[in-house]
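Taking it in order: structure first as structure tokens, then the write-up.
The values are calculated or read from the model by the stated rules, or taken from the named source; none is laboratory data. Since we're looking at a predicted model, the values are computed, not measured. With ideal geometry, Cβ positions are generated from the backbone for all residues, glycine too; neighbour counts draw on all protein chains shown.
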Amino acid sequence: MEPTARIYQDLTRILVTREEIAAAVRDLGRKITADYDGRDLVMVCILKGACVFFTDLIREVDLPVTTEFMSVSSYGSGTSSSGVVRIVKDLDRNIEGKDVLIVEDIVDSGRTLSYLVKVLEQRHPRSIHIATLLDKPARRVVDLTVQYSCFDIPDAFVVGYGLDYDEHYRNLPDIGVLRPTIYE
Ligand code: 5GP
């Protein structure tokens, strides 16, 4: 029995497999390596959801990057964005003049990132772009440019590969749709 087999019972289906994720992360790493060659790149992990994606992605980027971690509150234990965003943990270092790449797990309404980009722009980085593992374009309510996205997914609540429901399921190696009875 695989160690995570028990939590698979809480999914209605697997949406993205670990093999598909690994291939997409490798491709994205190559793109970032090419696009940021010669730049002073700071990769910013948005905790906690992006942590698994981030740690895989930085190892696919063949450049002298620096890393930062930021934590914002968005969902609590529900499944839809409140639109209220609060910085729980800020960056440790100054980003003025640097090329910032925000690494996020999923873009849903876009409110969280739209807010974050505005906050970070006030610190005068040279550039600021977004890389997300998952995107739900059908759910967008704000105008947001996402430069790098690995997978467009339908409007369903997903967990795994860092994404949680009430702090559970982050350790699932694949991404799956959570059984609605778990949160309804
Ligand atoms: P937005 O501000 O774009 O509506 O929400 C972004 C945040 O909502 C993500 O960083 C993530 O924490 C959470 N979120 C949105 N959709 C999902 C989902 O399907 N599953 C999980 N686990 N979190 C989600």
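What to note about this one:
- Some residue of the stretch 102-113 being surrounded by fewer than 17 Cβ atoms within 10 Å (Cβ to Cβ) and assigned to a helix (DSSP H, G or I): no
- Long-range neighbours under 6 Å by Cβ, at least six apart or interchain, first residue at positive phi within the stretch 103-122, second of a type in the set (A, V, I, L, M, F, W, C) and more than 6 Å from the ligand (Cβ to nearest atom): 110/142; 110/144
- Test: residue 69 is within 16 Å of the ligand (Cβ to nearest atom), assigned to a helix (DSSP H, G or I) and either touching a Gly at 6+ places or on another chain (Cβ under 7 Å) or at pLDDT 95 or above (or both): no
- Taking the criterion of being in a helix (DSSP H, G or I) and either among the basic types (Lys, Arg) or exposed (fewer than 15 other Cβ atoms within 10 Å of the Cβ) (or both), the residues of the stretch 9-60 that qualify are 18, 19, 22, 23, 26, 27, 30, 31, 34, 55.
- Matching residues in the stretch 159-168 - criterion: being surrounded by 23 or more Cβ atoms within 10 Å (Cβ to Cβ) and near the ligand (Cβ under 9 Å from one of its atoms): 159, 160, 162, 163
- Test: residue in the stretch 115-129 that is crowded, with 20+ Cβ neighbours inside 10 Å and among the aromatic types (Phe, Trp, Tyr): no
- Of the residues examined, residue 131 is one that is within 28 Å of residue 20 (Cα to Cα), in a strand (DSSP E or B) and either modelled with pLDDT under 95 or touching a Leu at 6+ places or on another chain (Cβ under 7 Å) (or both).
- All positions within the stretch 38-73 that are without any contact (Cβ under 8 Å) to a residue 40 or more places away in the chain and under 15 Å from residue 116 (Cα atoms): 68, 69, 71, 73
- Selection of the stretch 117-151 for residues being over 13 Å from the mean Cα position of the chain (by Cα) and within 14 Å of the ligand (Cβ to nearest atom) yields 117, 118, 119, 137, 138, 139, 140, 141, 142, 143, 144, 145.
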